[in-house]
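Just so you know, all these numbers are worked out from the coordinates, no wet-lab data involved. Just so you know, these numbers come straight off a predicted model, no measurement behind them. No Cβ is skipped: glycine too gets one built from the backbone with ideal geometry, and neighbour counts run over all protein chains shown.
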């Protein structure tokens, strides 16, 4: 089944404790992206990647890092999480044409205490 | 810069009645427009998109949307709502000539509640 998977689905952590949220897709998509969803704000892009070793900032990149060492994986790293990063995070992937649909993972709900 | 507005935080409709979720957009070029739905504790599911051609786009689960260039709108519609349509709906836009990294810009979402 074609899908985007994320782990963990739920995470409660404390301020300053480094964490990684994994994202993997099995559709051979070049493009991958991370979004955060906050009430009333919709989804905002954090980082995106257009291919292996090619990443760039989205609209809200502060406090986040990403890497793209393999085509299928695009982990999101929070080196020193803070409470304002409490949010629902989504990974998405698509082919590279701008008409292509982005497919989303199930989401990771992160709480930073 | 591209932007999307969903003017209604919530839409309430009785089962069997028509459902409309409003969306207006702003882009500097030509838009690609998308609708997604989010069910509780689930990711976003793609419903439909407008790329070019016929202004009326048909999608999944009986939904359709009409692209109106003069009003810069892309309202989502369903002729007869079901209780199972209760969910959070997002409109998104991509500027055809500009969107860096294929970025989608989302509206704030509209919660739809269909009552039996």
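How much length is gained on full extension from residue B:54 to residue B:26, taking 0.36 nm per residue of separation minus their Cα-Cα distance?
8.1 nm
Given springs between every Cα pair under 10 Å in a Gaussian network model of chain A, which of A:56, A:100, A:38 has the largest fluctuation?
Of the options given, A:100 has the highest mean-square fluctuation.
Report for chain A the percent antiparallel among DSSP-assigned beta bridges with both residues inside it, nearest 5.
Working: 33 of 37 bridges.
Here the share of antiparallel DSSP bridges comes out near 90 percent.
Arrange A:32, A:27 by Cβ neighbour counts within 10 Å, fewest through most, would you?
A:27, A:32
How many Cβ atoms of partner chains, on average, are near each residue of B:39-46 if near means within 10 Å of its Cβ?
So the per-residue partner count for this stretch is 5.
Arranged by the count of other C-beta atoms within 10 angstrom, fewest first, what order do B:69, B:103, A:57 take?
Values: B:69 10, B:103 22, A:57 15.
In increasing order of surrounding Cβ atoms, one gets B:69, A:57, B:103.
Given labels modelled 7 Å from the Cα in the Cβ direction, how far is it in nm from residue B:70 to residue A:20?
A separation of 5.5 nm, rounded to one decimal place.
What FRET efficiency would be calculated for the residue pair residue A:27, residue A:59, taking the C-beta separation as r and a Förster radius of 25 Å, to the nearest 0.05?
0.50
Evaluate peptide A:34-44: per residue, the Cβ atoms of other protein chains within 10 Å of its Cβ; return the mean as an integer.
For this peptide, the per-residue mean of nearby foreign Cβ atoms is 4.
Checking the a/c ratio against 1.5 first, then a/b against b/c, what shape does the Cα gyration tensor give for chain A?
prolate
From Cα pairs below 8 angstrom and at least 6 apart in sequence, can you work out the relative contact order of chain B, rounded to a whole percent? Walk me through the intermediate numbers first.
On the way: 294 pairs, mean separation 44.0, N = 116.
With pairs under 8 Å counted, the relative contact order is 38 percent.
Other chains near B:106-113: what is the mean number of their Cβ atoms within 10 Å of each residue's Cβ? Provide the component values of the computation, followed by the final result.
Details: counts 7, 3, 6, 6, 0, 0, 0, 0.
Per-residue shielding by partner chains comes out at 3.
Which of A:49, A:82 has the fewest other C-beta atoms within 10 Å, and how do the rest follow up to the most?
If I rank by nearby Cβ atoms, fewest first, I get A:82, A:49.
Sort chain B into rounded, prolate or oblate with this rule: let a ≥ b ≥ c be the square roots of the eigenvalues of the Cα gyration tensor; rounded if a/c is under 1.5, and if a/c is not under 1.5, prolate when a/b is larger than b/c, oblate otherwise.
Cα axes put chain B in the prolate bin.
Once you order the gyration tensor axes a ≥ b ≥ c over the Cα atoms, which shape class does the protein assembly as shown get: rounded for a/c under 1.5, otherwise prolate or oblate by comparing a/b with b/c?
Prolate shape, in that a/c is at least 1.5 and a/b is the bigger ratio.
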